[in-house]
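Step one of this worksheet: look at the structure below.
Quick note: the coordinates plus some simple rules give every number you see, no bench work behind them. Source: prediction; values computed, not measured. Here the Cβ positions follow ideal geometry from the backbone for every residue, glycine too, while neighbour counts run over all protein chains shown.
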Amino acid sequence: MSRLVVFDCDGTLVDGQAAICDTMDEAFAAAKLTAPDRNAVRRMVGLSLPLALRELAPHASEDQHAIALEAYKAGYRERRVTGVLEEPLYEGMAALIERLAAAGWLLGVATGKSDRGLHACLDTHSIKHHFVTLQTADRHPSKPHPAMLKEALAQAGVGAAESVMVGDTTFDIEMARAANVRAVGVAWGYHQPHELMEAGADGVAETMDQLEEMIRG
């Protein structure tokens, strides 16, 4: 029987908070908006970019949202192509992915990143070949809508009962619950463990060893 584990990206696989916050500051400046609180930005990681911008700047005009959106995309892309983008894998994550793949788990990603951003991130860390399904905000409604997770299950050919979602935000946990998928939180991301449990996580891992145990059930 096939088993599937779907990971969130930012805050779960990689720590990209510095790049996200810096790029968001630049995007708000381009739209002539006051830079948002960085903790607020971190709490929006996982949502699609348009939704995150609406949450961070609810009183901005549609034109300002559009300017900030394009400025963010351009700024993030510039960081990537110039080699200054920092999105390090969390310590021990690469080894965990290797062990799960070797044990026969199918692996996927469901993220608020764009297709381009996700592929570039996974290629940088030479781990993309391990994943059988990659779902992004480019092709689905924002989390916590379950569309991208349901598509991941369909592409992998695995039922919800044989799958697990791993994420660091309540958006991930709520998405998993909406898709009837077991939800495991991680404590090293952008929402607090108690928030993940209150959202319905089956458990929250403090270490990679704990995460592996929870995934394997």
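Report, please, the projected area of region 11-142 averaged over directions, based on the convex hull of its C-alpha atoms, in nm².
The directionally averaged projection comes out at 8.1 nm².
Would you mind finding the longest exposed-site-free stretch of the chain, with exposed GluC sites (Glu not before Pro) meaning DSSP loop and at most 16 other Cβ atoms within 10 Å?
92-205
With +1 on each Lys and Arg Cβ and -1 on each Asp and Glu Cβ, how big is the dipole of the chain about its Cα centre, in debye rounded to the nearest 20?
Approximately 520 debye in magnitude.
Quick one: pull the percentage of alpha-carbon pairs in region 129-193 with a separation above 18 Å.
34
For the pairs LYS32/LYS73; LYS113/LYS143; LYS32/LYS143; LYS113/LYS150, note any where the Cα-Cα span goes beyond 19 Å.
The answer is LYS32/LYS143.
Can I get the semi-axes of region 74-202's equivalent ellipsoid? Compute them from the C-alpha gyration tensor as square roots of 5 times the eigenvalues, in angstrom, largest first.
23, 17, 16
Calculate the spin-label point distance for ARG116 paired with GLU86, positioning each point 7 Å from the Cα along the beta-carbon direction, and give it in nanometres.
2.4
Over region 1-77, what is the relative contact order in percent, taking alpha-carbon pairs closer than 8 angstrom and at least six residues apart?
Dividing the mean separation by the residue count of region 1-77 yields 34 percent.
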